[in-house]
1. Taking residue A:91 as meeting all but one of (1) modelled with pLDDT of 85 or more; (2) touching a helix residue (DSSP H, G or I) at 6+ places or on another chain (Cβ under 9 Å), write down the number of the exception.
2. Could you count how many residues in the stretch A:183-206 are of a type outside the set (A, V, I, L, M, F, W, C) and closer than 16 Å to residue A:160 by Cβ?
3. Taking the stretch A:23-52 on its own, how many of its residues are under 25 Å from residue A:210 (Cα atoms) and assigned to a helix (DSSP H, G or I)?
4. Just give me the residues in the stretch A:139-176 being touching a His at 6+ places or on another chain (Cβ under 8 Å), more than 8 Å from chain B (Cβ to nearest Cβ) and modelled with pLDDT of 95 or more, in sequence order.
5. Any residue at all in the stretch A:67-75 that's away from every other protein chain (no Cβ under 14 Å), surrounded by 13 or more Cβ atoms within 10 Å (Cβ to Cβ) and under 16 Å from the mean Cα position of the chain (by Cα)?
6. Hey, can you tell me all the residues within the stretch A:76-100 that are among the basic types (Lys, Arg), within 14 Å of chain B (Cβ to nearest Cβ) and surrounded by fewer than 18 Cβ atoms within 10 Å (Cβ to Cβ)?
7. Can you name the number of the only condition in (1) over 27 Å from residue A:143 (Cα atoms); (2) in contact (Cβ under 8 Å) with a residue 60 or more places away in the chain; (3) surrounded by 15 or more Cβ atoms within 10 Å (Cβ to Cβ) that residue A:12 fails?
8. Every residue in the stretch B:1-26 that is in a loop (DSSP other than H, G, I, E, B) and either at the interface with chain A (Cβ under 7 Å from one of its Cβ atoms) or modelled with pLDDT of 70 or more (or both), please.
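The values are calculated or read from the model by the stated rules, or taken from the named source; none is laboratory data. Model, not experiment: these values are computed from the prediction. We place every Cβ from the backbone using ideal geometry, glycine too, and count neighbours over all the protein chains shown.
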Amino acid sequence: MPENAPNADESYVVVEGDCISSLAEAHGLKWQTLWDHNPELKALRKNPNALQPGDVILIPSLRLRYENRPTEQRHKFVRKGVPAKFRLILERFDEPLANKRWVLSVDGEIHSGTTNSKGMLEIALPPEARSGHLVVPEEDLEYDLSFGYLDPSDTISGAQARLENLGFYEGGITGELDDDTREAILMFQTAHGLLATGELDNLTRTELEQRHDLMHSQPAPESNGPPAETPGEDDKLEDVAVNDEEDERRFRQFEQLDGEEEE
Amino acid sequence: MALTVSQRRVMRHTQESNYVNTINVADRIAIHFVWFPGRHLLAGSLIDTLIEAPDAAGQERNVEYRWQRTGFAEVRRTMLKGTITLTLPPGGKGTLTVFDTHWEITRAANGVTLDASNTMRGVQQRLDRLGYHLRTPGQVSPGLDGTEGRITEAAVIAFQADFRPGSTGPASRLFIRGEWANNPEITPWLDSNPSAADGTATQTALVAAAGA
């Protein structure tokens, strides 16, 4: 199974709406491959779902892969897609909106369902999806959702968006630590028993993440992927081989379907 | 359908993710403490910052208050511009204690807090909130009946007198202005003043002062 040597990485500057899933999809990669390929960014952002516009991400080049197949036959190859997910917990005054019917349209596709006992809805989402419209008729709620526009929690814009989602802020996403934002931070700090400073300190940022980003019943996110390893030379080769098997999008690996061949 | 469609920024999640987005619907009531009546322009706002600004001794003058509603009680201090922000669901009721005064706060179930400002009852409600109590001595509840009588007329005249140009009013009078945070009809406290005892100007000032 010969392969050509990988070319130099391509640098990409993150813009609003990007996340690891959408960038991986756009470049024919699995999100873990892309995330692990950028250890500095991974250490900086920690959450692959929330990148900051301006972040620079290195895109590994694709490598050709060859598949041996008999001639005089017709073969069908299927490219496997990896959808992203969208999870949302709906609450009213900190109580879950459980068992509420919801309708979410994303790029013309209609999803619907009922929130679970934690007020959560979950759908598979095309990684490139940018916007959606959510309606919860029973609660008279209606939201325009911008997928991938949530900045990291240690940025002012990221904090503003989280505070807005949690009901503490309504001054617009300006990225400025103005009076409205300070007051929202003060309210959030007071409501969660933190020292009320009005500053986006580490404790406040962590609490914001806990309250907004994380499943309350689960102790830690696993989306940072498996711990990065530092393989030796042989391991690198093996790594590539493993990736060849697992990362079908990275190497444009195609799956030959049984029973699809024709003479 | 909701009256307004809120914009929300959210994450897409990777397949193996334990991350989630959270939207909490928690309309909050912001209450500003100001010295009233009279003009106390600070930073372009009529809202007095004396409560939160340092006093002559350099001590911050945030005021401690207690907020209590069913199953919930807390003691906090006022924030920027002397603001108190409370969570109260539609139809909810609670007691705010500040300066040793108890204020019964009730939120209308449908979110509407005031009649239209161009109705007599709406004017009476605003005058009452601003401290021009429409009641006779000994009367417990204000006479917000939508009928223009002697008491309402007296309150309007007092309001106009307080807000005429150059008036400072009795600065020691304190009032509470309730503002429903998510009510789109709420207008900010305007740096404008009615110039005469003109009905239209008075009404505009009432809207600006008490909220829509």
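1. Residue A:91 satisfies every listed condition except (2).
2. 7
3. Going through the stretch A:23-52, the residues under 25 Å from residue A:210 (Cα atoms) turn out to be A:31-32, A:35-36, A:38-52.
Retained after the next criterion (residues that are assigned to a helix (DSSP H, G or I)): A:31-32, A:35-36, A:39-45.
Within the stretch A:23-52, residues that are under 25 Å from residue A:210 (Cα atoms) and assigned to a helix (DSSP H, G or I) number 11.
4. A:162
5. First, pick out the residues of the stretch A:67-75 that are away from every other protein chain (no Cβ under 14 Å): A:67-75.
Next, only the ones that are surrounded by 13 or more Cβ atoms within 10 Å (Cβ to Cβ) stay: A:75.
Cutting the leftovers down to under 16 Å from the mean Cα position of the chain (by Cα) gives us none.
No.
6. Hit for the stretch A:76-100 is A:80, nothing else.
7. So the condition that residue A:12 fails would be (2).
8. Taking the stretch B:1-26 as the starting set, the residues that turn out to be in a loop (DSSP other than H, G, I, E, B) are B:1-5, B:11-12, B:14-18, B:20, B:26.
Across the stretch B:1-26, the qualifying residues are B:1, B:2, B:5, B:11, B:12, B:14, B:15, B:16, B:17, B:18, B:20, B:26.
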